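Peer 1: Dropping the structure in here first, questions after.
The values are calculated or read from the model by the stated rules, or taken from the named source; none is laboratory data. These numbers come from a predicted model, not from an experiment. As a convention, Cβ positions derive from the backbone with ideal geometry for all residues, glycine included, and neighbour counts pool all protein chains shown. Surface areas here come from the heavy atoms of the whole protein model, side chains and all, with no ligands, DNA or RNA. Shrake-Rupley method; radii C 1.70, N 1.55, O 1.52, S 1.80 Å.
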Amino acid sequence: TKGTIIDCIMTNDAYENDIERAADITTLLIAGHDTTAYSIAWILKELAKNPNEQRRLRDSLRSMDPKDWGRCEYLRKVIKEGIRLFPVSPGGSI
């Protein structure tokens, strides 16, 4: 699909060959999968420990059309707080 990260890698002339492209795509998929799963797991754990926050997020999302969830300010705050509390990088958050 045009405009995706993989499309940008595949059409970028900075790569010398397809082996370099494949290496970057593999790294992106593996690293992106692990870090996303890590973040989601901790966010869900924190929501499970905080039923009031879980309810507030659920209510916020239920009040919106699912295609608009990307603009949900409360969801954005929950994700940012989860990443702040449990950063993926070993050095911690700044």
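Peer 1: Assigning unit charges at the beta carbon (Lys, Arg +1; Asp, Glu -1) and nothing else, what dipole magnitude in debye, to the nearest 20, does the chain show about its Cα centre? List each step's numbers first, then the result.
Peer 2: Values: 14 positive and 14 negative charges, 172 e Å.
Using only the charged Cβ atoms, the result is roughly 820 debye.
Peer 1: Hey, of (1) 13.6; (2) 15.9; (3) 14.9, which did the structure itself give for Kirkwood radius over Cα pairs in Å when calculated?
Peer 2: (2)
Peer 1: Please give the peptides 79-85, 60-66 ranked by average Cβ packing (other Cβ atoms within 10 Å per residue), highest first, as a rough proxy for protection.
Peer 2: The densest-packed peptide leads the list: 79-85, 60-66.
Peer 1: Remind me, relative contact order of the chain in percent, using alpha carbon pairs under 8 angstrom and six or more residues apart?
Peer 2: Values: 36 pairs, mean separation 23.2, N = 94.
Relative contact order comes out at 25 percent.
Peer 1: Using +1 at the Cβ of each Lys and Arg and -1 at the Cβ of each Asp and Glu in the chain, identify which of ALA23, SER63, TRP42 lies farthest towards the dipole's positive end.
Peer 2: Highest projection toward the positive end goes to SER63.
Peer 1: Within the chain, what whole-number % of the accessible surface is contributed by carbon and sulfur, with the 1.4 Å probe and all protein chains included in the calculation?
Peer 2: Numbers: 4350 of 7370 Å².
Using a 1.4 Å probe with all protein chains present, the chain comes out at 59 percent carbon and sulfur.
Peer 1: While we're looking at this one, here's another question. For the residue pair TYR74 and ASP59, what label-to-label distance in nm results when each label sits 7 Å from Cα along the Cα-to-beta-carbon direction?
Peer 2: Taking the two extended label points, one gets 0.6 nm.
Peer 1: Order these peptides, 67-74, 44-51, by their mean beta-carbon neighbour count within 10 angstrom, highest first.
Peer 2: Numbers: 67-74: 10.8, 44-51: 12.4.
Ranked from most to least packed, the peptides come out as 44-51, 67-74.
Peer 1: Accessible area per residue of the chain at 1.4 Å probe, in Å²? Present the calculation step by step, with values, prior to reporting the outcome.
Peer 2: On the way: 7370 Å² over 94 residues.
Spelled out: the 1.4 Å probe surface of the chain, per residue, equals 78 Å².
Peer 1: Please give the calculated 222 nm ellipticity per residue for the chain, where each DSSP H segment of at least 4 residues contributes -39500 (n - 2.57) and the sum is spread over every residue; nearest 500 deg cm²/dmol? Provide the component values of the computation, followed by the final result.
Peer 2: Values: 4 runs with 64 residues, N = 94.
Mean residue ellipticity at 222 nm (helix-derived): -22500 deg cm²/dmol.
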